[in-house]
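This is the structure I want to talk about, given as structure tokens.
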Amino acid sequence: MNKHILDAMSAYYDVNPVDSTIASQPSTIALDNVSRRSFLKVAGIASSGLFMGVSLPSFAGSANKAAAGAEFNPNAFIHLSENGDTLIYCGRCEMGQGISTALPAAVADEMEADWSRVSIEQADGNEAKFGSQATGGSASIRKMFEPMRKAGAAAKEMLILAAAKVWQVSASDCYAENHFVINKLNQQKLGYGELATLAANIDVPAEPKLKSKDQYRYIGKALDRHDQGKVVVGKRVYGVDTKLPGMKYAAIAHCPVLGGTLKSVDKSQALKMQGVIDVVGISPIKHPFSSIGAVAVVADNSWTAQQAVKQLKIEWELGANAVYNTKDYKAQLVKNVEREAQLVTERGDIKKAFSNAATTLSATYTGVHLSHAPMEPNASVVWVQKDSCEVWASTQSPADIQKVLGQYLNRKPEDIKVHVMMAGGAFGRKFKCDYVHEAAVISEQVNAPVQLTWTREEDMRTGFYHSINAQHIQASMDEQGKVTGWLHRAAFPSINTLFDPSVTRPSKNNLGEIDDHPFGIKNYRSESGESPAHTRIGWYRAVYAIFYGFAMGTFADELADQAKQDTVKFLHNIYDANTNPEQQENTRRSKAVLDLAAKGAGWGKKLPKGEAIGIAVHYSFRSYVAMAVHVKVDGDSIKVLNVDCAIDCGQVLNTDGATAQMEGAVVMGMSLALATEITFRDGAVVNSNFHDYPVMRIKDMPNVRVHIVDSDEKPTGLGEPGVSPFAPALSNAVYAAVGKRYRDLPFNPLTV
């Protein structure tokens, strides 16, 4: 330890020794009651340095003290070693979106840490320590930005106070910079590592002062991902990479129809194969995220397990959902929205608006089930023992794993230890933990750690799918082309059906995104059409915004065309008609991103025959995104040349990460607009792999220009809102190019 620090401690503290029992309880020792001898004992216990954090809002009011070696409920857990190395744990799941760089960078910025001295690790599942670790809804940065900044700012203030005590000066005479505290009076420096243990005994500031925007070093800048070197050379460890001594391997076959049950299984041929250990039946439990029912083969290697599953002769009792056929179901949804449905919201007088209209327009839009299809299929390792259960899984919600396995094993959720692994894609699928529940059942049966890996086919056919949907919109306009009335009917199986199978139509909350859209339409009515679920419906990137954005963005373009107005000008007029004081900021920011995308694309410029630019804007996840899509159309061939994407999501933590998110949104939006569709026939998914569920290939990637609004507003959604404007912008571009209007997603579905 630095001699100046020890000398300062000798001079500053009472030299009388204290009882050794006190020294053995560092979490109870107050700094001003510690003698030099006791301090050395405490320093020995706290030789790993400073552990600290800031309480989450839900834990506000608790007396947090960063005593040496103590741990307490933090939202950001910082470990500053005595050599100056800084470890920051990320409480949210890294699945390629860059959250494990963005959030720790906010800590490092406020802490005045040297980013080259910072390492990052994924936190295990522990809500008591890290608060909610659910990663989804574009909420991680929105909810964690300020708490993470406070964690860093608190650490900085504690280090400054520690240095001030060493120099016996006022804290106001010190400042922090690049992993050092500097004495303003004489420019002396003390490194963070030298101060770590002393700082650990200082009270955590309840309200540390945060930086102003002009003082940021990392926040709002283009910061390389902390792990990109490992990713490039294949050293990043994903969930499927987990290996344990004595581990067994499992492959699985599920009931193809939701609600079906196992009738019989002939496992004789599978058990004859060399290396096969057991065949295990798995039954559902009463939890929406549990297995739907399956049969698994356990072997001493994954290849044998996968081959042995094919030798099983399984008969399923398929149940009531065996009648499900998506072609027929979508046709019924269209009927349900093209007639009067159940009222959800009404403003003004829609009947009067239509009766007095100079012109009216109506259109129906449809979409299909979608599979998340992450590059890393579902995989987990679980080891169930008599007194413990340990999990290694790519998961967006470790707490749900703890709840499901706690329920299955009849143990407390906090007794289930979950290691959150890097996810090779998720998009909402890995919020659910059926694949972990199954691995736990198998592990308990064979009394060994088990790695269960789903095949691509099982992943495609046993999902929580994005909703098939239909929407019908009618609008009225006056002689000037001003929209005077808007009727919007929607029918789709709701995610609510996961938790309550009796739900048969979208709820008021499900339609909130269209009810609260900042279009200024005085006379408005929304209705919910009947649409019971016949399969599991789950969160998918952008969720309902995919089909709301498509319908509203395409219909607005159709209205502009009928009114013989420029689409950008027409959208401005709709927003300008919004007189609600609470939505003025929403309309302003919507118009701003619309104009930014239009400007980037060169809106209005002359293009060759068969080429055009389409534009759309949508508000979702509290963010504003507009896309201008430049296409070249030749017969049925649609070639996307350029995409200008403008986003206003408040303050951006990492501009490089934000740009990547928008580029990824284009890829996903282009895939679902042009080709991807999950088809059910006789209750089961027909698709099996990427040959019949095609996603966009790199050769199809357009030139994407991302325009980020510089904002002082609090961060809002980033990962999800970029998906929804692409499909309507593409549809509008094709219409502008060749006069063909697409109202159904995908535009060019495969016949399967």
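Each value in this text was obtained by applying a stated rule to the coordinates, not by laboratory testing. Keep in mind that what you see is a predicted model, and the values were worked out from it rather than measured. Every residue, glycine as well, gets a Cβ built from its backbone with ideal geometry; the counts of neighbours run over all protein chains shown.
Just order 638-648, 400-410 by mean Cβ neighbour count inside 10 Å, highest at the front, would you?
Highest mean packing first, the order is 638-648, 400-410.
Based on the mean of other Cβ atoms within 10 Å per residue, sort peptides 729-737, 503-511 so the most packed one is first.
For the peptides 729-737, 503-511, the packing ranking is 729-737, 503-511.
Residues with amide H under 5 Å of residue 369's amide H, sequence separation 5 or more or different chain, H placed in the peptide plane at 1.01 Å from N; which?
Under 5 Å from the amide H of residue 369 lie the amide H atoms of 468, 678, each far enough along the sequence or on another chain.
Could you list 623, 170, 302 so that the one with the fewest beta carbons within 10 Å of its beta carbon is first and the one with the most is last?
170, 302, 623
Kirkwood hydrodynamic radius, the chain, all distinct C-alpha pairs: what's the number in Å?
When all Cα pairs of the chain are included, the Kirkwood radius is 28.3 Å.
Can you bin the range 559-614 into rounded, prolate or oblate? Criterion: square roots of the alpha carbon gyration tensor eigenvalues sorted a ≥ b ≥ c, rounded for a/c under 1.5, prolate for a/b above b/c, oblate for the rest.
Note, shape of the range 559-614 comes out oblate.
Express the relative contact order of the chain as a whole percentage, based on alpha carbon pairs under 8 Å and six or more residues apart in sequence.
For the chain, the relative contact order is 13 percent.
Just going by the charge dipole of the range 214-309, with Lys and Arg at +1 and Asp and Glu at -1 on Cβ, which of 234, 293, 253 is farthest out on the positive end?
The residue sitting most towards the positive pole is 234.
Quick one: if you stick a label point 7 Å off each Cα along the C-beta vector at residue 744 and residue 261, how many nm between them?
Reported label-point gap for residue 744 and residue 261 is 3.8 nm.
Suppose the chain between residue 564 and residue 236 were pulled fully straight at 0.36 nm per residue; how much longer would it get relative to their current alpha carbon spacing?
112.7 nm
Using r as the Cβ-Cβ distance of residue 328 and residue 303, and R0 as 45 Å, what FRET efficiency do you calculate, to the nearest 0.05?
0.70
Assigning unit charges at the beta carbon (Lys, Arg +1; Asp, Glu -1) and nothing else, what dipole magnitude in debye, to the nearest 20, does the chain show about its Cα centre?
Computed about the Cα centre, the dipole is about 820 debye.
When the Kirkwood hydrodynamic radius is evaluated over all pairs of different C-alpha atoms of the range 79-133, what value in angstrom, to one decimal, is obtained?
Averaging 1/r across every pair of different Cα atoms and inverting gives 11.8 Å.
Short version: ³J(HN,Hα) in whole Hz for each residue of the range 247-257, in order, from phi by Karplus 6.51 cos²θ - 1.76 cosθ + 1.60 (θ = phi - 60°), x for Gly and Pro, what are they?
6, 9, 10, 10, 10, 9, 10, 9, 4, x, 10
By how many degrees, 0 to 90 and rounded to 10, does the Cα axis of helix 99-111 deviate from the longest principal axis of the chain?
40 degrees
Turning to a different aspect of this structure: Give me the net charge for the shell around residue 450: Cβ to Cβ below 13 angstrom, other residues only, Lys and Arg +1, Asp and Glu -1.
Combined, the nearby Lys, Arg, Asp and Glu give -3.
Assuming R0 = 45 Å, can you tell me the calculated FRET efficiency for the pair residue 215 and residue 375, based on Cβ-Cβ distance, to the nearest 0.05?
Efficiency computed from Cβ-Cβ geometry: 0.70.
Please work out the Cα center distance from the range 687-723 to the range 215-264, rounded to the nearest Å.
20 Å
About the Cα centre of the range 618-699, what is the dipole size in debye to 20, counting +1 per Lys and Arg Cβ and -1 per Asp and Glu Cβ, all else neutral?
Roughly 60 debye, rounded to the nearest 20.
Tell me whether the range 539-586 comes out rounded, prolate or oblate; compute the Cα gyration tensor, take square roots of the eigenvalues as a ≥ b ≥ c, and use a/c under 1.5 as the rounded threshold.
In terms of gyration-tensor shape, oblate.
Separate question: Under a plain spin-label model, where a point goes 7 Å from the Cα along Cα-to-Cβ, how far apart in nm are residue 352 and residue 268?
7.9 nm
I need the peptides 84-97, 248-261 ranked by packing, meaning the mean over residues of other C-beta atoms within 10 angstrom, with the highest value on top.
Result, highest mean Cβ count within 10 Å first: 84-97, 248-261.
Given R₀ = 51 Å, what would the calculated FRET efficiency be for residue 480 paired with residue 682, taking r from the Cβ atoms and rounding to 0.05?
0.45
Something else now. If you fit an axis through the alpha-carbon atoms of helix 584-601 and take the longest principal axis of the Cα set of the chain, what angle between them do you get, 0 to 90°, nearest 10?
80 degrees
Please report the equivalent ellipsoid semi-axes of the range 506-579, computed as sqrt(5 x eigenvalue) of the Cα gyration tensor, largest first, in whole Å.
27, 14, 11
Can you give me the Cα centroid spacing of the range 293-327 and the range 635-668 in angstrom?
39 Å
Say each of residue 655 and residue 185 gets a label point 7 Å from the Cα, pointing the same way as Cα to Cβ; how far apart are those two points in nm?
Once both label points are built, they end up 4.1 nm from each other.
Send over the per residue convex hull volume for the range 554-689, Cα only, as a whole number of Å³.
In the range 554-689, the Cα convex hull volume per residue is 186 Å³.
Same structure, new question: Which length gain, in nm to one decimal place, applies between residue 701 and residue 634 when the Cα-Cα distance is subtracted from 0.36 nm times their residue separation?
Residue separation times 0.36 nm, minus the Cα-Cα distance, leaves 22.4 nm.
Report the relative contact order of the range 503-634, percent, no decimals, based on alpha-carbon pairs under 8 angstrom and at least 6 residues apart.
24 percent
Sum -39500 (n - 2.57) across every DSSP H segment of at least 4 residues in the chain, then divide by the residue count to get the 222 nm mean residue ellipticity, nearest 500.
After summing the helix terms and dividing by the residues of the chain, the value is -9000 deg cm²/dmol.
Tell me, 179, 437 in order of fewest to most beta-carbon neighbours within 10 Å?
So the residues, fewest neighbours to most, are 179, 437.
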